[in-house]
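**Q** Take this structure first; my questions come after.
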Amino acid sequence: MKYPLMRNNILREDLDAVIEHLKQDDPILTHGQNVRDFEAEWSAWLGVKHSVFVNSGASANLLTMAILKVRYPEGGEVIVPPLAWISDIASVLQNGFTPVFVDIDPRTLGMDPKRICAAITDRTRAVFLTHVQGFDALDDALLTELQQRRVPLIEDVCESHGATHQGRKLGGFGWISNFSFYYAHHMSTIEGGMVCTNDQEVYQQVRMLRSHGMVREANDPAVLAAYRSTYPELNPDFIFAFPAYNTRNTEIGGILGRSQLRRLDRNVKRRTDNLLRFMKQLDASKYRTDFKVEGSSNYAFNLILKRPDKVLVERVMKVMREAGVEFRRGSAGGGNQIRQPYLKGVVPKDHHLGFPETEHIHFYGFYIGNYPDLRDEEIDELCQILNSA
Ligand SMILES: Cc1ncc(COP(=O)(O)O)c(C=O)c1O
């Protein structure tokens with residue numbers, strides 16, 4: 001494949017850092033100091049107080065919705081996008097909440113802020129907003145309204161590391177935010193994810209939820225003391241506060257994350273330059289070029305037909321296949337989630353048709369790879385290929 005979705009995301013220097021660790025006598029391989037250091041460095045980079053490293057972005061979503069369930073055991077509604085990854089919606093269902101879908105804004109591919117506000121009811125427990133493929137889906141009026149109506153914002157930033165809103169990094173606005181370090185994203189720990197928050201209580205609970213619900217995983221002495229004095233008959237090292245999961249990562253992930261974080265900002269800049277070069281040359285009569293690029297950080301080039309055109313879409317796929325351009329139709333996550341079998345019986349029949357912006361992406365949208373070592377000539381060639389369709 002001449003233009004794969006991702007290239008060289010784990011470099012020799014990352015592997016060398018792992019090898020250095022392995023050369024020690026009896027190195028710690030499970031969760032240890034490198035995990036803790038990565039969490040601290042990530043929090044400093046993002047500008048939040050606490051981060052918890054887990055084994056995937058999906059696990060970050062799962063633990064976040066598990067926290068919401070701790071707050072609202074009776075359930076309720078969570079506002080979600082139809083253009084996201086399955087785990088954004090699966091985690092809502094797995095924790096007994098009802099997903100309420102809101103169509104996207106074509107300029108950000110994230111949920112339309114006005115539609116979010118219109119969907120809020122007295123059963124809304126959170127807005128679970130995904131920043132899709134590097135675009136900033138926040139809006140000041142939305143932030144103000146959520147604050148006024150006391151609806152927590154949860155940000156899924158799994159596809160948008162380093163993107164900003166008003167100069168501040170995404171993932172620092174929500175009550176809780178989630179990141180993924182899967183190979184295809186901005187940086188990789190092979191598999192991995194992060195749950196971030198400024199809320200000390202959430203932080204303690206996520207630490208427990210990550211490790212079987214075990215109280216000894218909390219690092220606040222007051223939390224430990226409270227459980228131990230309430231349950232004196234239990235072994236203090238084996239008190240299980242929640243029916244939880246094991247979603248821990250390892251030292252290998254921690255080492256890779258620390259090594260990768262050092263070049264993340266540089267890579268974000270490079271990808272943004274690539275995106276601007278790509279957008280400038282793309283034929284605006286065929287493809288959308290009016291995205292909200294300010295503050296964006298894209299590991300993907302979004303290729304979205306301007307109009308629904310069944311003939312052109314086939315031609316675009318043909319030229320990409322012939323030229324060795326890897327692509328995902330419907331954008332990254334399988335297009336309109338509401339069409340997926342796991343939602344049959346959960347949403348009314350034909351519900352997907354009520355989301356025309358997402359439907360357009362489902363049939364006429366593609367994602368292709370944007371990585372730091374993509375050369376200018378390659379971007380120019382890509383545009384020529386795409387414009388020739
Ligand atoms: C928006 C979003 N959320 C969550 C995930 C899940 O992350 P992971 O693949 O690390 O489980 C992804 C994955 O691609 C994603 O794009």
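**Q** Restricting to the range 1-47, count the residues that are surrounded by 12 or more Cβ atoms within 10 Å (Cβ to Cβ), among the charged types (D, E, K, R) and not in a helix (DSSP H, G or I).
**A** Total meeting the criteria: 1.
**Q** From the list Tyr203, Tyr183, pick out the single residue that is part of a helix (DSSP H, G or I) and either within 11 Å of the ligand (Cβ to nearest atom) or on the phi < 0 side of the Ramachandran plot (or both). Spell out how you get there, then give the answer.
**A** Numbers: Tyr183 fails: part of a helix (DSSP H, G or I).
Tyr203 is the lone residue from the list that is part of a helix (DSSP H, G or I) and either within 11 Å of the ligand (Cβ to nearest atom) or on the phi < 0 side of the Ramachandran plot (or both).
**Q** In addition: If we scan the range 340-358, do we find a residue that is touching a residue at least 40 places away in the same chain (Cβ under 8 Å), crowded, with 21+ Cβ neighbours inside 10 Å and in a loop (DSSP other than H, G, I, E, B)?
**A** yes
**Q** Then there is this: Please verify whether Ser160 is crowded, with 21+ Cβ neighbours inside 10 Å, within 11 Å of the ligand (Cβ to nearest atom) and assigned to a helix (DSSP H, G or I), treating the condition exactly as stated.
**A** Values: crowded, with 21+ Cβ neighbours inside 10 Å: yes; within 11 Å of the ligand (Cβ to nearest atom): yes; assigned to a helix (DSSP H, G or I): no.
It is false that Ser160 is crowded, with 21+ Cβ neighbours inside 10 Å, within 11 Å of the ligand (Cβ to nearest atom) and assigned to a helix (DSSP H, G or I).
**Q** Considering (1) buried (at least 17 other Cβ atoms within 10 Å of the Cβ); (2) within 16 Å of the ligand (Cβ to nearest atom), say which one Asn246 fails and leave the rest.
**A** Among (1) buried (at least 17 other Cβ atoms within 10 Å of the Cβ); (2) within 16 Å of the ligand (Cβ to nearest atom), Asn246 violates only (1).
**Q** Gly253 - would you say it is under 19 Å from the mean Cα position of the chain (by Cα) and closer than 23 Å to Glu39 by Cβ? Write out each step before concluding.
**A** Details: under 19 Å from the mean Cα position of the chain (by Cα): yes; closer than 23 Å to Glu39 by Cβ: yes.
So Gly253 passes the test.
**Q** Asn219 fails exactly one of the following numbered conditions: (1) within 16 Å of the ligand (Cβ to nearest atom); (2) surrounded by fewer than 22 Cβ atoms within 10 Å (Cβ to Cβ); (3) farther than 19 Å from Ser56 by Cα. What is the number of that condition?
**A** (1)
**Q** Residues that are within 16 Å of the ligand (Cβ to nearest atom), under 25 Å from Ser188 (Cβ atoms), open to solvent by 40 Å² or more (accessible area, probe 1.4 Å) and in contact with a helix residue (DSSP H, G or I) (Cβ under 7 Å, 6 or more places away or on another chain): does the range 56-68 have at least one?
**A** yes
**Q** To continue, here is another question. Quick one: which helices (runs of 4 or more DSSP H) lie wholly within the range 83-153 and hold at least 2 residues that are farther than 17 Å from Ile338 by Cα, more than 15 Å from the ligand (Cβ to nearest atom) and in contact with a helix residue (DSSP H, G or I) (Cβ under 6 Å, 6 or more places away or on another chain)? Steps first, answer last, please.
**A** Values: elements: 86-94, 113-119, 140-148.
Fully inside the range 83-153 and qualifying: 113-119, 140-148.
The values are calculated or read from the model by the stated rules, or taken from the named source; none is laboratory data. The structure presented is a predicted model; accordingly, all values stated were derived computationally and were not measured. Glycine also receives a Cβ, built like all others from the backbone with ideal geometry; neighbour counts cover every protein chain displayed. When the accessible area is computed, the model is the full protein with side chains, heavy atoms only, and any ligands, DNA or RNA have been set aside. Shrake-Rupley method; radii C 1.70, N 1.55, O 1.52, S 1.80 Å.
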